[in-house]
Amino acid sequence: MQTLTAECVLDAKAILGEGPVWRAETQDLVWVDIESARVCCFNPATGENQTWDVGEKPGLAVPTQRGDLILGTSVGFVRLDLASGVLSPIIDPEQDLPNNRFNDGKVDPEGRLWAGTMGMDESPNVGSLYRLNRNLSADKLFDQVSISNGLAWTGDQKSFYYIDSPTRRVDVFDCDMASGTVSTRRTAFKLPDGMGYPDGMCIDNEGMLWVALWQGWGVARFAPGGALLAKVEVPVECVTSCCFGGENWDELYITTSSRDLDEAGRAAQPLAGGVFRCKPGVSGPSTNLFLG
Ligand code: CA
């Protein structure tokens, strides 16, 4: 197994840093601090990190072709205009579930947003995975989810990997990208003991999966069958998500949490809540923009 290291590129002191996504046009990283109800945009060239307070906890923020962001929050999908900071509601598929919020999500190659929910008290099986279509309607893909997290499609678009964190598994579905549907769920692999819980995830151009390790001090690279190929060591216990970015899509950006640390924990993990970066030696696919 290869061991890689990550450098802290932004000592953000986020409470629950999450949802990194690289924007090619502006060469910057959109990410969220869920617990601070804040959307952030970090420019590694200048070191600037712009923030927007959005009121409701955003589990995800994804860029659109028109240059704004779609957020998934506790009040459904919302559009954030970055120039004005104005928020506009889109649709809330869980209006009847006020104790749920959106968590992780990602735009598919057809420009639709797939995003899942969870109970804010982490009640089991109350969440679902949805697809926000380009016409801004939403469809439920499946339910019985506890903490909806990482998502990734294979390069041939025929398979969909998915993480419901408490299962400690990465599952795989057959995917029909034209219709945006999935079927035949099965376990791809379970995390080895001692690696914590799988959280956010991305796929590289060799078809290998990079899984953020909550309570696992890093990001692990797995083959689709579960062979552990590499680990990026991060000096923070709760690593939340990762994405490819940079000019050549060959940098891995990593978010982390400081939420559950007491004073001693904060002293031991001074960079908790920071954004990290690693050169993993492989590139990833470019970011899909939401086409609606
Ligand atoms: Ca997450």
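Key figures
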quantity: Residues (in a strand (DSSP E or B) and out of contact with any Phe, Trp or Tyr (no Cβ under 7 Å at 6 or more places or on another chain)) located in the range 170-191; calculated: Asp174, Asp176, Thr181, Arg186, Thr187, Lys190
quantity: Single match in Asp96, Asp81 (criterion: open to solvent by 20 Å² or more (accessible area, probe 1.4 Å), modelled with pLDDT of 95 or more, out of contact with any strand residue (DSSP E or B) (no Cβ under 8 Å at 6 or more places or on another chain) and of a type in the set (Asp, Glu)); calculated: Asp96
quantity: The range 166-185, residues that are within 16 Å of the ligand (Cβ to nearest atom) and open to solvent by 10 Å² or more (accessible area, probe 1.4 Å); calculated: Pro166, Thr167, Arg168, Arg169
quantity: In the range 238-252, the residues that are open to solvent by 20 Å² or more (accessible area, probe 1.4 Å) and within 17 Å of the chain's Cα centre (by Cα); calculated: Trp249, Glu251
quantity: Flag if Arg131 is of a type in the set (D, E, K, R), surrounded by 22 or more Cβ atoms within 10 Å (Cβ to Cβ) and more than 19 Å from Ile203 (Cα to Cα); calculated: no
quantity: Flag if Thr167 is within 19 Å of the chain's Cα centre (by Cα), closer than 22 Å to Val21 by Cα and of a type outside the set (Lys, Arg); calculated: no
quantity: Count - residues of the range 145-158 that are away from the ligand (no atom under 16 Å from the Cβ) and without any contact (Cβ under 8 Å) to a residue 40 or more places away in the chain; calculated: 2
quantity: Residue match in the range 137-144 (condition: of a type outside the set (S, T, N, Q), in a strand (DSSP E or B) and within 16 Å of the ligand (Cβ to nearest atom)); calculated: no
quantity: Selection from the range 274-285 of residues that are open to solvent by 40 Å² or more (accessible area, probe 1.4 Å) and within 14 Å of Leu29 (Cβ to Cβ); calculated: Arg277
quantity: Qualifying residue in the range 213-230 (condition: within 14 Å of Pro166 (Cα to Cα), aliphatic (A, V, I, L, M) and open to solvent by less than 10 Å² (accessible area, probe 1.4 Å)); calculated: yes
quantity: Within the range 253-273, tally of residues that are among the hydrophobic types (A, V, I, L, M, F, W, C) and either under 12 Å from Pro235 (Cβ atoms) or buried (at least 19 other Cβ atoms within 10 Å of the Cβ) (or both); calculated: 4
quantity: Test for Val9: is it open to solvent by 10 Å² or more (accessible area, probe 1.4 Å), outside any loop (DSSP other than H, G, I, E, B) and within 16 Å of the ligand (Cβ to nearest atom); calculated: no
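Conditions (1) over 19 Å from the mean Cα position of the chain (by Cα); (2) open to solvent by less than 10 Å² (accessible area, probe 1.4 Å); (3) more than 19 Å from Pro280 (Cβ to Cβ), marked per residue:
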| position | (1), (2), (3) |
| --- | --- |
| Leu141 | no, no, yes |
| Ile147 | no, no, yes |
| Tyr161 | no, no, no |
| Thr187 | yes, no, yes |
| Met201 | no, yes, no |
| Trp210 | no, yes, no |
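The values are calculated or read from the model by the stated rules, or taken from the named source; none is laboratory data. For clarity, every value in this text was computed on a predicted model and none was experimentally measured. Ideal geometry is used to build each Cβ from the backbone, glycine not excepted, and the neighbour counts take in all protein chains shown. With ligands, DNA and RNA removed, areas are computed over all heavy atoms of the protein, side chains included. Shrake-Rupley method; radii C 1.70, N 1.55, O 1.52, S 1.80 Å.
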